[in-house]
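Pasting a structure below so you can have a look.
The values are calculated or read from the model by the stated rules, or taken from the named source; none is laboratory data. As the structure is a prediction and not an experimental result, all values here were calculated from the model. Methodologically, a virtual Cβ is constructed for each residue, glycine included, from the backbone with ideal geometry; neighbour enumeration extends over all protein chains shown. Each accessible area value is taken on the protein alone, full model and side chains, heavy atoms only, with ligands, DNA and RNA left out. Shrake-Rupley method; radii C 1.70, N 1.55, O 1.52, S 1.80 Å.
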Amino acid sequence: MEHTGTVLRELRGAQKSSKGVSLYSRYVNRPAGRLLAAAACRAGLTPNQVTLVSAAFTFSAVAAVALAEPSWRLGALVYAGLAVGFAFDSADGQLARLTGRGGPDGEWLDHVVDCAKMILVHTAVLISFHRFGAPGDAWLLLPLGFLFTAVLTFCAGLLREQLGKAAASGAAAPAGATAPVSRVRAVALLPADYGVFCLVFLLLGAPAAFRAGYAVLAAVHALFLVAFLGKWFRELKALRAG
């Protein structure tokens, strides 16, 4: 079995492009995922098994939000579970590229877990608001709106990727495809990064602050959704025109 240092070097050479990736994912989540992928490789785990480990951490944290009364301790545990789950979510793809053991089944499982995560985390916030006394029923609409925004962004982005691949199949790469990674864009994308979203759960011990932070992120994600939808539509239309 390869030495961990060798595995890490190979993983560094098997990274996806950083284009369209926020600073958190680039400098925190992917490096953490690389370490977990190396450990998983040494342990003989498959990419699908790593995906299931990611789901276990994430769904345990989500269940805690729905079932336990908000507190600072709960917030720390929930954040840790979500952040570790997110790192394992990066590790499964890195392990698949390293070992060549990825495939349609693994990609499908990864997307299913991601979709379930998005639905359940906002559903858990809704349940928490209902069970533990959000000030007024109007607050229950907030996680429903955030859920709609998150799922629509995920589905539209996935369709953009798949339809773009199909339209560009066998065609030359479009102009700008090799453009350098923009640090300004990486900073601008931070509010839309799932890893940054996880940070709001550290405020569970102060319910009013948590609701305020969650509301701000919901508004920001809604603005990003509008921008992304326009961008993706123009890109797909340009592929048709080409």
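Among (1) over 15 Å from the mean Cα position of the chain (by Cα); (2) assigned to a helix (DSSP H, G or I), which single condition is ALA87 missing?
Every listed condition holds for ALA87 apart from (1).
Taking SER60 as the residue in question, decide whether it is farther than 12 Å from LEU36 by Cβ and free of Cβ contacts under 8 Å to residues at least 24 places away in the same chain.
Taking the combined requirement at face value, the residue satisfies it.
Name the single residue, out of those in the range 83-105 being in contact with a Cys (Cβ under 9 Å, 6 or more places away or on another chain) and over 19 Å from VAL62 (Cβ atoms), that is surrounded by the fewest Cβ atoms within 10 Å (Cβ to Cβ).
The selected residue is THR99.
Exactly one of these conditions fails for SER128: (1) closer than 13 Å to ARG211 by Cβ; (2) small (Gly, Ala, Ser); (3) under 17 Å from the mean Cα position of the chain (by Cα). Give me its number.
(3)
Run down ALA186, ALA173, ALA206 and say which single residue is modelled with pLDDT under 85 and over 19 Å from LEU23 (Cβ atoms).
ALA173
Tell me, which residue of the range 106-157 that is open to solvent by 50 Å² or more (accessible area, probe 1.4 Å) and among the aliphatic types (A, V, I, L, M) is modelled with the lowest pLDDT?
ALA138
Something else about it: Which pairs turn up if I take residues in the range 201-216 that are open to solvent by 40 Å² or more (accessible area, probe 1.4 Å) and look for partners that are not in a helix (DSSP H, G or I) with beta carbon separation below 6 Å, at least 6 apart in sequence or on another chain?
PRO207/PRO70
Give the range 132-142 a look and list any residue that's in a helix (DSSP H, G or I) and without any contact (Cβ under 8 Å) to a residue 40 or more places away in the chain, or say none.
Passing the criteria: ASP137, ALA138, LEU140, LEU141.
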